[in-house]
Amino acid sequence: MTRSRVVVFLLCLYPLGFWLAQGFIGGLTANPPEYLTRSSGEWALVGLCLVLAAPPAQRWFGVTWPLRHRRMLGLFTYFYTVLHVLAWALWEQGWSLSAMWVDIVTRLFITVGVVAVVLLTPLAITSTNAWVRRLGRNWRRLHWLVYPAVALSIWHFWLVRAGKNDFADVWVYVVVFAVLLVTRVLAIKNTGAGRRRL
Ligand code: HEM
């Protein structure tokens, strides 16, 4: 394991370590389930943006580590997404499948979140070398799904905040995502570099 790989691995563990430490000192706010559900969702979104930012980080600033460790970043992002969904399943739905189903079909922000997770799941599954070889050119096509998945995740976040009429953080993600999307499209148009590196 290279040193940068160890550093990225430890950075990816930061949210989990932070929650555990806060849990020990009683710092998970007055409502730990709500805090952990929201915090895991936000870290999942941060992770998705970092994954998308990896190619421009290298192109614009010569920073190579996000691209070199993008698979690990992506898998940790999926891990935090799964924790987020499990937090909802446990604390909001008490593991009841029927209650989950009702929530999915009645609350739009949950429906949108589920679709995002459905799109992200094949990306996590096919992130191994064996799948990259097996899918060939289709692997890259499949992994374009990350863009609609991020768009849906931001929409989900938007809908959550719509109830509180508090969009300040959401706008940050909207702008970051728009910039990353536009730069990728331009990279493809101008040099074809975006095609080589999703
Ligand atoms: C099965 C799919 C999903 C379910 C059931 C789900 C459920 C939830 C719930 C219950 C909340 C809290 C709402 C509130 O406090 O009023 C929430 C918030 C959030 N979720 Fe999800 N979510 C899903 C997918 C996702 C995905 C894929 C992402 C991003 C990668 C995400 C990111 C967020 C964010 C950023 C928040 C808001 C946190 C905040 O208000 O600070 N969620 N989600």
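Table: residues versus (1) hydrophobic (A, V, I, L, M, F, W, C); (2) part of a helix (DSSP H, G or I); (3) closer than 22 Å to G74 by Cβ.
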residue: R5; (1), (2), (3): no, yes, yes
residue: V8; (1), (2), (3): yes, yes, yes
residue: T29; (1), (2), (3): no, no, no
residue: A44; (1), (2), (3): yes, yes, yes
Might you check whether a residue that is closer than 16 Å to H143 by Cβ, in a helix (DSSP H, G or I), within 12 Å of the ligand (Cβ to nearest atom) and touching a helix residue (DSSP H, G or I) at 6+ places or on another chain (Cβ under 9 Å) occurs anywhere in region 57-76? yes
Answer from I154, I188 - the residue that is among the aliphatic types (A, V, I, L, M) and within 11 Å of the ligand (Cβ to nearest atom): I154
Residue by residue through region 161-175, note down the ones that are part of a helix (DSSP H, G or I) and either among the aromatic types (F, W, Y) or near the ligand (Cβ under 8 Å from one of its atoms) (or both). R161, D169, W171, Y173
Residue set R140, R133, R161; condition charged (D, E, K, R) and at pLDDT below 95; output residue R140
Considering only region 46-100, state which residues are farther than 30 Å from R3 by Cα and not hydrophobic (A, V, I, L, M, F, W, C). E92, Q93, G94, S96, S98
Hey, S40 hits all of (1) crowded, with 18+ Cβ neighbours inside 10 Å; (2) touching a Pro at 6+ places or on another chain (Cβ under 9 Å); (3) within 21 Å of Y147 (Cβ to Cβ); (4) of a type in the set (G, A, S) but one; which does it fall short on? (3)
For L123, work out the one condition from (1) within 10 Å of the ligand (Cβ to nearest atom); (2) surrounded by 17 or more Cβ atoms within 10 Å (Cβ to Cβ); (3) within 20 Å of W43 (Cβ to Cβ) it doesn't fulfil. (1)
List every residue pair whose Cβ atoms sit under 6 Å apart, with the two residues 6 or more apart in sequence or on different chains, where the first one lies in region 165-176 and is more than 17 Å from A53 (Cβ to Cβ) and the second, anywhere, is modelled with pLDDT of 95 or more. F167/R161; V170/F157; V170/W158; V170/R161
(1) within 20 Å of W158 (Cα to Cα); (2) crowded, with 20+ Cβ neighbours inside 10 Å; (3) in contact (Cβ under 8 Å) with a residue 60 or more places away in the chain: which one isn't true of H69, the others all being true? (1)
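The values are calculated or read from the model by the stated rules, or taken from the named source; none is laboratory data. Given the structure is predicted, the values throughout are model-derived calculations rather than measurements. Every residue, glycine as well, gets a Cβ built from its backbone with ideal geometry; the counts of neighbours run over all protein chains shown.
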